[in-house]
Amino acid sequence: MPAGDRPRWVLHIQAQFWRVLMGIGMMLHRMARPRPPRPAFHRDVDATVSPLKGKFRMWFYTPKDYRAQKRLKGGKRYPVVINFHGGGFVLGTAHDDARWADVVVREVGAVVVSVDYRLAPEYPFPTAVEDGADALLYLARYADELQLDPQRFALSGFSSGGNMSFTVPLCLQGELAEKAKAVAHDLNLNQSDTDALANATTNSTTNNLHPPIRPSLTVSSANGTPNGSKVALGRTKSRLDRIAVLRQTGTSSLSLVSTYKDGGAVSVLYEGILLKIRGIVSFYPPTDYTVTRAQRRQTCTRADQNLPAVFTELFDDSYLQPPSLDLAHPWLSPGVAPESMLSQLPDDIVMFTCEWDMLLAEGERFRDRLRNDLGKRVHYHCIPGVPHGWDKAPNPLRESPGARQQYMVACGELKRMFGIGEDDDIVEEEV
């Protein structure tokens, strides 16, 4: 059956098949010594940002003294790295980045929270991003109980999770930007006035009393997206229609959120609780879905190292729904998001790309835009001679070559973002 003719139930079966195989591969990946630790505990979170209600799970990797500090009820608070796994929004679990979590816990002394966000095709765009936003709001609400320092949050992610490390903070401000555009339309304002209003609304800490204006996600009769293969709607209309109705009529806790730039960080105010996002660490993210897969493949210097079409078609057909979806939406393509929104990202951004990756070119464009047009401090690293996802090789005999070294580079940047110096490291070792 051609990819474009697959109904939703076929996508679901294919996703389940590849999830099993990827799970085996990641199990082999974690078997190589030194083996990463298991998470210390988990929390189940009720979805409040997405109108598609349900639950998702967050897994916590903690420093060695975490439990002792909790028993002592001491005043120590840990910096937090919230991580989003890869897998094209279709595959993967929160355990996939256990090696990254282990290095961050050891080198930074931070708590790593890995998010098992809901996956497509069961939950298409933008459910993953909304769950990521929910994760931040949950951690803000329970920061004291979890011994987290709300002044020192950072986001990280791999592949599609790397995309989420940018789109989750855009989601937290996006409701306000959408609201500003709607108000501007009602007032017949011109584009410059609209941008000014969007900036003012995003920077406000009090304009949070109205229900969110959802992105336009209604189903049309279009029979495909320019980014993936065509998806026939004949046997999928019911499911997508139900999702569209929920998105038009459902409620979201984004109406209670305000974000504003606070120096180089981003402050998020929620239910009277303030948290600060200090920076972003993003590994080989897709940043521009307005570029087709064919165009992306043409930019790769090693065609034999490209991610196989069987995966990219499954990813796009599953997540990019409905077919009328605007592929330039900021919650999907941060690389082409409005400057008024990107300016509200934290100033410290760390990006890792891969030389043999179809996503390299758009990563470089996004780097240049953030650095040159917006003045962000972008610490950019292109890993030579490796394909997409090189650090997740399913080899039970040894770690992926070079992965730990690059993780250490990222940890150095996280320590700088969190204000952790050498003296802090010595104290941590002496505890």
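Per-residue answers, yes or no, for (1) closer than 22 Å to THR353 by Cα; (2) in contact with a Leu (Cβ under 8 Å, 6 or more places away or on another chain):
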{"site": "PHE89", "(1), (2)": "yes, yes"}
{"site": "ASP96", "(1), (2)": "yes, no"}
{"site": "ARG99", "(1), (2)": "yes, no"}
{"site": "ALA110", "(1), (2)": "no, yes"}
{"site": "TYR123", "(1), (2)": "no, yes"}
{"site": "ALA135", "(1), (2)": "no, no"}
{"site": "ARG141", "(1), (2)": "no, no"}
{"site": "PHE158", "(1), (2)": "yes, no"}
{"site": "THR167", "(1), (2)": "yes, yes"}
Hey, ARG77 touching a strand residue (DSSP E or B) at 6+ places or on another chain (Cβ under 9 Å) and among the charged types (D, E, K, R) or not:
yes
Please list, ordered by first then second residue, the pairs with beta carbon atoms under 6 Å, 6 or more apart or interchain, first in the stretch 162-185 and within 30 Å of PHE283 (Cα to Cα), second aliphatic (A, V, I, L, M) and modelled with pLDDT under 50.
ALA177/ALA198; GLU178/ILE213
Is there any pair with a first residue in the stretch 359-383 that is closer than 20 Å to ARG278 by Cα and a second that is open to solvent by less than 50 Å² (accessible area, probe 1.4 Å) and acidic (Asp, Glu) whose Cβ atoms are under 6 Å apart and which are 6 or more apart or on different chains, and what are they?
LYS376/ASP347; ARG377/ASP347; ARG377/ASP348; HIS379/GLU413
Check off (1) surrounded by fewer than 22 Cβ atoms within 10 Å (Cβ to Cβ); (2) under 18 Å from the mean Cα position of the chain (by Cα) for GLY272 and give me the number that stays unchecked.
(2)
Mind listing whichever residues of the stretch 349-386 are touching a Leu at 6+ places or on another chain (Cβ under 9 Å), assigned to a strand (DSSP E or B) and either surrounded by 19 or more Cβ atoms within 10 Å (Cβ to Cβ) or among the hydroxyl-bearing types (Ser, Thr, Tyr) (or both)?
ILE349, VAL350, MET351, THR353, CYS354, VAL378
For the stretch 308-317, the count of residues that are under 17 Å from the mean Cα position of the chain (by Cα) and open to solvent by less than 10 Å² (accessible area, probe 1.4 Å) equals 1
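Conditions (1) closer than 16 Å to TYR142 by Cα; (2) surrounded by fewer than 17 Cβ atoms within 10 Å (Cβ to Cβ); (3) touching a residue at least 40 places away in the same chain (Cβ under 8 Å); (4) of a type outside the set (A, V, I, L, M, F, W, C), marked per residue:
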| residue | (1), (2), (3), (4) |
| --- | --- |
| MET26 | no, no, yes, no |
| MET31 | no, yes, yes, no |
| HIS42 | yes, yes, no, yes |
| THR48 | yes, no, yes, yes |
| PHE60 | yes, no, yes, no |
| PRO63 | no, no, yes, yes |
| LYS73 | yes, yes, no, yes |
| GLY87 | no, no, yes, yes |
| LEU91 | no, no, yes, no |
Scan (1) part of a loop (DSSP other than H, G, I, E, B); (2) open to solvent by 60 Å² or more (accessible area, probe 1.4 Å); (3) at pLDDT below 95 for the single condition THR290 breaks and write down its number.
(3)
Scanning the stretch 109-161 residue by residue, those open to solvent by 10 Å² or more (accessible area, probe 1.4 Å), touching a residue at least 40 places away in the same chain (Cβ under 8 Å) and outside any loop (DSSP other than H, G, I, E, B) turn out to be ASP116, TYR138, ARG141, ASP149, PRO150, GLN151, ARG152
Which ones in the stretch 387-399 are in a helix (DSSP H, G or I) and not basic (Lys, Arg)?
TRP390, ASP391
Name the pairs whose Cβ atoms lie under 6 Å apart, with the first residue in the stretch 295-316 and assigned to a helix (DSSP H, G or I), the second among the aliphatic types (A, V, I, L, M) and modelled with pLDDT under 95, and 6 or more positions between them or separate chains?
GLU313/ALA3
Could you tell me which residue of the stretch 320-348 is surrounded by the fewest Cβ atoms within 10 Å (Cβ to Cβ), considering only residues that are touching a helix residue (DSSP H, G or I) at 6+ places or on another chain (Cβ under 8 Å) and farther than 18 Å from ARG371 by Cβ?
ALA328
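The values are calculated or read from the model by the stated rules, or taken from the named source; none is laboratory data. Note that the structure is predicted; figures quoted are calculated from it, not measured. Reconstructed Cβ throughout: ideal geometry from the backbone, glycine too, with neighbour counts over all protein chains shown. Accessible surface areas use protein heavy atoms only, side chains included; no ligands, DNA or RNA. Shrake-Rupley method; radii C 1.70, N 1.55, O 1.52, S 1.80 Å.
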